[in-house]
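Report on one structure; see the data block that follows.
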Amino acid sequence: EYTVGAPGLGMEMGDALIGRTIFQSNLNALAYRTAKLEKLTGDKFLDRLAELKAMPTEEMIDEANRMTIDALYRTRNTVSEKIINLRDIRIKGFQPLRIIAPFINVPYNVAKYGLARSPVAILNPQLWANLKNSNPEAADQIGRWLLGSAVAALFAKYAYDNNITGEAPLNKSERDAF
């Protein structure tokens with residue numbers, strides 16, 4: 001049981017180490033966004049920003065926590081919960097699938113976040129709903145989509161120009177020609 005739990009413990013320790021920094025960064029970003037949405041400028045903006053950083057609202061703290069869990073790839077939803085429940089089935093007091101798939105949320109969220117940063121992200125209905133409702137989250141979604149798509153385009157161009165070759169052949173004569 002302890003051996004099976006060791007990778008999870010290591011992950012918990014890593015998350016605890018970086019999580020506070022991510023949380024504070026998210027809180028600062030939310031303070032900035034809040035002050036900007038209040039359309040303040042100059043010293044009034046800076047004063048409000050300092051006030052929000054010193055005494056963040058409950059909503060800001062909750063959102064910063066959600067964003068931090070997101071950044072650590074720990075978000076749970078109905079799909080990942082169902083997979084976790086399947087993995088955690090006990091057979092004669094033992095959880096055999098826990099050995100095969102100790103982590104569910106991280107791989108699931110890596111795939112989900114990869115899609116949010118790819119060209120297909122433009123098809124996300126939530127993005128269009130956020131744009132329609134002037135939700136500031138739309139700016140973040142578009143930024144993730146554009147940056148991820150630009151990086152994907154650079155890699156595609158690099159591969160198209162034959163700069164990504166893959167593994168060298170195992171055969172000596174083929175390897176020499178390679």
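Considering the stretch 55-111 alone, what residues qualify as being surrounded by 12 or more Cβ atoms within 10 Å (Cβ to Cβ) and on the phi > 0 side of the Ramachandran plot?
Result: Y73, single match.
I'm checking my understanding of the structure. Among residues of the stretch 114-127 that are touching a helix residue (DSSP H, G or I) at 6+ places or on another chain (Cβ under 6 Å) and under 16 Å from D70 (Cα atoms), which one is most open to solvent (accessible area, probe 1.4 Å)?
Once the filter is applied, the top-ranked residue is R117.
Are any of the residues in the stretch 128-147 among the β-branched types (V, I, T), closer than 30 Å to L9 by Cα, under 16 Å from the mean Cα position of the chain (by Cα) and surrounded by 14 or more Cβ atoms within 10 Å (Cβ to Cβ)?
Within the stretch 128-147, not a single residue is among the β-branched types (V, I, T), closer than 30 Å to L9 by Cα, under 16 Å from the mean Cα position of the chain (by Cα) and surrounded by 14 or more Cβ atoms within 10 Å (Cβ to Cβ).
In the stretch 157-172, which residue that is hydrophobic (A, V, I, L, M, F, W, C) and open to solvent by 60 Å² or more (accessible area, probe 1.4 Å) is farthest from K36 (Cα to Cα)?
Residue satisfying both the conditions and the ranking: L170.
For L40, only one of the following conditions fails: (1) outside any loop (DSSP other than H, G, I, E, B); (2) modelled with pLDDT of 85 or more; (3) open to solvent by less than 50 Å² (accessible area, probe 1.4 Å). What is its number?
It is condition (1) that L40 fails.
May I ask you to verify whether P107 is touching a Gly at 6+ places or on another chain (Cβ under 9 Å) and at pLDDT below 90?
no
Working only within the stretch 52-80, note down all residues that are touching a residue at least 24 places away in the same chain (Cβ under 8 Å) and among the β-branched types (V, I, T).
I61, T68, T75, V79
For T165, are the conditions met, namely being more than 30 Å from R20 (Cβ to Cβ), assigned to a loop (DSSP other than H, G, I, E, B) and modelled with pLDDT under 85?
Here the answer is yes, as T165 does meet what is asked.
A16 versus (1) in a helix (DSSP H, G or I); (2) without any contact (Cβ under 8 Å) to a residue 24 or more places away in the chain; (3) closer than 22 Å to A139 by Cα: which is the lone unmet condition?
So the condition that A16 fails would be (3).
The values are calculated or read from the model by the stated rules, or taken from the named source; none is laboratory data. None of the values given here were measured: they were computed from a predicted structure. Backbone-built Cβ (ideal geometry, glycine too); neighbour counts: all protein chains shown. Heads up: the accessible areas ignore ligands, DNA and RNA and are worked out on the full protein's heavy atoms, side chains in. Shrake-Rupley method; radii C 1.70, N 1.55, O 1.52, S 1.80 Å.
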